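The values are calculated or read from the model by the stated rules, or taken from the named source; none is laboratory data. Because the structure is a prediction, the values reported are computed rather than measured. Cβ sites come from the backbone with ideal geometry, for glycine too, and all protein chains shown count toward neighbours.
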Amino acid sequence: MTDDPRWPRASAWLAREDDGPVDLALLGVPAHRTSISPTGADATPAAIREALARYSTYSWTHDVDVADLNAVDLGDVTEPDGPEGEARVMAAASADARLLVALGGDNSITYSVMAGVCGDRLADAGLITLDAHHDLRDGESNGSPVRRLVEAGLAGSRVVQIGINDFSNSREYVARAREMGITVITRDALRRRPIDDVMVEALGIAGSGGGPIHVDLDVDVCDRSVVPACPAAAPGGISADELRQVAFHAGRSPRVSSIDITEIDAGKDAPDLRTVRLGALLILEAAAGLACR
């Protein structure tokens, strides 16, 4: 690719070093060892950073340039799996920034990233997941972060799960979600509601405790045709554009302190790298939202 000083690349924006308060901090969390199915998601943070070179820093729709934000790349957490690894993630996620964006890795990182950002405010915090799955399984895996957070003190009544899909969950885990008081907005419901309206509702519920909100963007919520690098994605998921809109709304809300982007296995992507490129665009949409606060 040629360089053009009039067309700055998003990768250069994140690579620069600025002084002063940090607006956006990027953190790689290449967790993969406890995944329910084998995954190469540990290679994804580096792949998404590389894909940022494909995009500029300017949003035409919102007329903002994210290069005006002071952003810092914190690098990757070493060996983020297991108790010691999760402790390292929690420490790194407590970085002082207006918005933390964590790059997975599998969905297990939602537990350690949110716990690290919220600290002793977890009981007042809220969680919004964009996911085809409830992630309420027993044990410790990429299928259990929501259950673990509720058991750690997060109120189930301030958890909103958007995009839950048919034939992607069991009857028992659906019952568990109901018992915990989780608000579920299914994939079917999204066919009849604008995503903007859904996010307004979700932010209101998740933010009702007055604490920070974490947003989990599990990319397998999307239709499999647009995210071939997400092993658990099914035909009939939401569009890439809808997920980009969610990332923008999350970044724009002053209540949102952190976002994670998970479940992309970069090694299984299509030749055009459409899934990895979507991951890069989710960072930029969140940053554009932050610039609009």
Set 78, 39, 61, 34: member being part of a loop (DSSP other than H, G, I, E, B) and under 26 Å from residue 245 (Cα atoms) | 61
Restricting the stretch 220-268 to residues that are touching a residue at least 60 places away in the same chain (Cβ under 8 Å) and acidic (Asp, Glu), which is nearest to residue 107 (Cα to Cα)?
-> 263
Do any residues in the stretch 21-48 that are without any contact (Cβ under 8 Å) to a residue 40 or more places away in the chain have Cβ atoms under 8 Å from those of residues that are charged (D, E, K, R) and assigned to a helix (DSSP H, G or I), where the two are at least six apart or on different chains, and which pairs are they?
-> none
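Please verify whether residue 231 is modelled with pLDDT under 95 and more than 25 Å from residue 92 (Cα to Cα), treating the condition exactly as stated.
yes
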Residue 286: crowded, with 24+ Cβ neighbours inside 10 Å, of a type in the set (A, V, I, L, M, F, W, C), more than 21 Å from residue 143 (Cβ to Cβ) and at pLDDT 95 or above, yes or no?
-> yes
Are any residues in the stretch 95-138 in a loop (DSSP other than H, G, I, E, B), more than 18 Å from residue 221 (Cα to Cα) and at pLDDT 95 or above, and if so, which ones?
-> 97, 98, 125, 138
Could you please tell me which pairs satisfy a Cβ distance under 6 Å, a separation of 6+ or placement on different chains, a first residue in the stretch 64-86 that is at pLDDT 95 or above, and a second residue that is crowded, with 19+ Cβ neighbours inside 10 Å and among the aromatic types (Phe, Trp, Tyr)?
-> 67/13
Name every residue in the stretch 121-165 that is closer than 19 Å to residue 242 by Cα and without any contact (Cβ under 8 Å) to a residue 60 or more places away in the chain, in order of residue number.
-> 160, 161, 164
Do any helices (runs of 4 or more DSSP H) entirely within the stretch 176-293 hold 2 or more residues that are out of contact with any helix residue (DSSP H, G or I) (no Cβ under 9 Å at 6 or more places or on another chain) and not hydrophobic (A, V, I, L, M, F, W, C), and if so, which?
-> 195-206
